[in-house]
1. Quick check on residue 29: is it farther than 28 Å from residue 128 by Cα, within 13 Å of the chain's Cα centre (by Cα), in contact (Cβ under 8 Å) with a residue 12 or more places away in the chain and surrounded by 13 or more Cβ atoms within 10 Å (Cβ to Cβ)?
2. Would you pick out the residues in region 92-108 that are part of a helix (DSSP H, G or I) and under 14 Å from the mean Cα position of the chain (by Cα)?
3. Taking residue 132, is it at pLDDT 85 or above and touching a helix residue (DSSP H, G or I) at 6+ places or on another chain (Cβ under 7 Å)?
4. Can you confirm whether residue 89 is under 23 Å from residue 9 (Cβ atoms), part of a loop (DSSP other than H, G, I, E, B), in contact with a helix residue (DSSP H, G or I) (Cβ under 8 Å, 6 or more places away or on another chain) and at pLDDT 70 or above?
5. Exactly one of (1) at pLDDT 90 or above; (2) under 16 Å from the mean Cα position of the chain (by Cα) is unmet by residue 75. Its number?
6. Can you say whether residue 42 is out of contact with any strand residue (DSSP E or B) (no Cβ under 6 Å at 6 or more places or on another chain), in a helix (DSSP H, G or I), crowded, with 19+ Cβ neighbours inside 10 Å and in contact (Cβ under 8 Å) with a residue 24 or more places away in the chain, as far as the supplied structure shows?
7. Within region 135-163, how many residues turn out to be at pLDDT below 70 and assigned to a loop (DSSP other than H, G, I, E, B)?
8. Please go through region 71-86 and pick out each residue that is touching a residue at least 40 places away in the same chain (Cβ under 8 Å) and either closer than 9 Å to residue 115 by Cα or part of a helix (DSSP H, G or I) (or both).
């Protein structure tokens, strides 16, 4: 997979993680800016253009944007490092505001279900995170119940809130 395409997927993961609880917290946006400034996760990607396109897609398609992300993750052959980066971006975003909304937890469980990483690999990288493992959800994910439930209950942010998101950062020279 092309590096820039993967970086766009990472950004879409971040965006969907921020949007899945119905509100984009300023601390989530700041965390995204920190990742952009201090990592190569989104390097060479115009975040403003990507954000503009995702907002348009969200306006037209609603939760279908998140469904498309999950399909993409399931169908795209990511290597273990890329899968760890997907999880890292999502975990950093949901932890940015210091609370885990029910939809964020379900989003993480669904995201995790689309990846092929072994639990040991995740534990080696992040330690044991309760948010990634819940037997009730694991069983229901296999049956597809949580995924259906998630898309029935997910509330996305209002367009007026999305339009105000400013991803411009001051890069050090």
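1. Details: farther than 28 Å from residue 128 by Cα: no; within 13 Å of the chain's Cα centre (by Cα): yes; in contact (Cβ under 8 Å) with a residue 12 or more places away in the chain: yes; surrounded by 13 or more Cβ atoms within 10 Å (Cβ to Cβ): yes.
Answer is no for this residue.
2. Matches in region 92-108: 92, 93, 94, 95, 96, 103, 104, 105, 106, 107, 108.
3. On the way: at pLDDT 85 or above: no; touching a helix residue (DSSP H, G or I) at 6+ places or on another chain (Cβ under 7 Å): yes.
Judged against the criteria, residue 132 is not a match.
4. Here the answer is no, as residue 89 does not meet what is asked.
5. For residue 75, the exception is condition (2).
6. no
7. Going through region 135-163 one residue at a time, the tally reaches 1.
8. 72, 73, 74, 78, 80, 82, 84, 85, 86
The values are calculated or read from the model by the stated rules, or taken from the named source; none is laboratory data. Quick caveat: nothing in here was measured; it's all calculated off a predicted structure. No Cβ is skipped: glycine too gets one built from the backbone with ideal geometry, and neighbour counts run over all protein chains shown.
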